[in-house]
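The values are calculated or read from the model by the stated rules, or taken from the named source; none is laboratory data. These figures come from a predicted structure and were not determined experimentally. For neighbour counting, all protein chains shown are included, and Cβ atoms are generated from backbone atoms with ideal geometry for every residue, glycine included. Surface areas here come from the heavy atoms of the whole protein model, side chains and all, with no ligands, DNA or RNA. Shrake-Rupley method; radii C 1.70, N 1.55, O 1.52, S 1.80 Å.
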Amino acid sequence: MRKKVTSTDIAKKAGVSQATVSMVLNHKYNVSFSKETVEKIERIAKEMGYIIPKRRQRKDSRTGKLIIVFCPTLTNPYYVMLLQGIEAVAKEEGYSVFTCNTQRELKLEEQYLKLMSSVDPAGIIYTCNPSSVFMEQVGEIAKKIPLVIISNREKVQVDAINQDNTKVGRLMARHLLDYGHRDVAFITPPLTQRQKQRSKRVQGFVQEYEQAGLGDRVVIKAADASLDEQLPSPDSEYKMGYNLTKELLAEYDNLTAIAGLNDMMAFGIMDALQEEKYKIPGDMSVIGCDNIIFSGMSHLSLTTIEHFVPLKGRDACDIIIRKIKSSKDTYDGTNPISIYHIEYEPKLIARKTTSYAREKTHERGRKEKKY
């Protein structure tokens, strides 16, 4: 058999180094060679029948088996629970997970989206709705890469795990109404245009009270919009619940129940109430939402809404895996087009922080300001 010609053989005949031959034949134009040297090496290579080795092609052009997760914050246990669900399925299927923490900043989200074309992951999961300015871009990415949004029931034309936050709010309100609470408050982070899911939950709560003819008995206490522009810390929402409750108690003395947008806010509400010597639930009932791990601890035992957060994460990752597999298993030369929309019914978890409304000993309402 004829010996295979190597770049070292060409280098010896041309009187140059093997590295020079390699760079010339592989067209590494970032290094400068004379025209004569280039022509000489190419001529000798041709005469000797040298064949440039082909680069090895990856079996799967996508980055390893990588799933990218877009997450607005890692300080809220809700998103940690979602990630746990996603990672459980990914691990079972041999995929890795990389989390892009956007910190609810448009610039960061945009930067991560631009990286997707070069990273080319196997799939992408948004743990909440993308910012509205990027929805079209996200839709275009979804045509090329399996993409799932854990949505707040916005109108999306991609695979989604849906949540009806209006229904969640109504369920919170119905529980308080059944316990006879007529004068109540709802405490929430900033109600900005970018965080529509918050407004939907508040809206559902108010609608349930309006239906009972008590819409004017609900106080909405929202944090200042500027707080959404700050980098969140692990206790950001707890502090909001705590501080807003302090303000609320200084303004009203007729309330019998307070709802927090989520469990972290509810913990802040509870601590503020206890500092002011309120008994929970004797003087004031408290309800949260998300049923995070701390909510079921005996010394907290928070009444909350379960909407199966870890299962949503599992479902989102499962859809990604299905899409990847279906793209490899063609039927009759074509790939099926399918859009998955999954939604769980929220469920009330009644614990020890809610009870029947206290009896009023005298007519009370908004406190008068003293000057």
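The residue list Ala173, Ala185 contains one member that is under 22 Å from Ile349 (Cα atoms), of a type in the set (A, V, I, L, M), out of contact with any Asp or Glu (no Cβ under 9 Å at 6 or more places or on another chain) and in contact (Cβ under 8 Å) with a residue 12 or more places away in the chain, which is Ala185. Set side by side, the residues Ser151, Ser132 differ, and just one is modelled with pLDDT under 90, surrounded by fewer than 17 Cβ atoms within 10 Å (Cβ to Cβ), under 28 Å from Glu105 (Cα atoms) and out of contact with any Ser or Thr (no Cβ under 7 Å at 6 or more places or on another chain), which is Ser132. Figure legend. Inter-residue proximity from the stretch 247-273: first residues of a type in the set (A, V, I, L, M, F, W, C), second residues part of a strand (DSSP E or B) and open to solvent by 10 Å² or more (accessible area, probe 1.4 Å), beta-carbon distance below 8 Å, spacing 6+ or different chains. Indicated pairs: Leu248/Val219; Leu248/Lys221; Leu255/Val219.
Yes/no per residue for (1) within 14 Å of Arg351 (Cβ to Cβ); (2) surrounded by fewer than 17 Cβ atoms within 10 Å (Cβ to Cβ):
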residue	(1), (2)
Glu247	no, yes
Ala250	no, yes
Ala259	no, no
Asp271	no, yes
Asp283	no, yes
Thr304	yes, no
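Residue by residue through the stretch 202-234, note down the ones that are among the acidic types (Asp, Glu) and either in contact with a Leu (Cβ under 6 Å, 6 or more places away or on another chain) or without any contact (Cβ under 8 Å) to a residue 40 or more places away in the chain (or both). Selection gives Glu208, Glu210, Asp216, Asp224, Glu229.
The set of residues in the stretch 226-245 that are open to solvent by less than 50 Å² (accessible area, probe 1.4 Å) and either aliphatic (A, V, I, L, M) or more than 26 Å from the chain's Cα centre (by Cα) (or both) comprises Met240, Leu244, Thr245. Within the stretch 67-109, the set of residues being assigned to a loop (DSSP other than H, G, I, E, B) and within 16 Å of Pro232 (Cβ to Cβ) comprises Pro72, Thr73, Leu74, Thr75, Asn76, Thr102, Gln103, Arg104, Glu105.
The residues of the stretch 309-366 that are in a helix (DSSP H, G or I), in contact with a helix residue (DSSP H, G or I) (Cβ under 7 Å, 6 or more places away or on another chain) and either modelled with pLDDT of 95 or more or not β-branched (Val, Ile, Thr) (or both), listed by number, are Pro310, Leu311, Lys312, Gly313, Arg314, Ala316, Cys317, Asp318. When you scan the stretch 177-184, do you find a residue that is farther than 15 Å from Leu255 by Cβ, in contact with a helix residue (DSSP H, G or I) (Cβ under 6 Å, 6 or more places away or on another chain) and in a helix (DSSP H, G or I), even just one? No, that holds for no residue. Residues that are of a type in the set (Lys, Arg) and surrounded by 18 or more Cβ atoms within 10 Å (Cβ to Cβ) occur at least once in the stretch 199-208.
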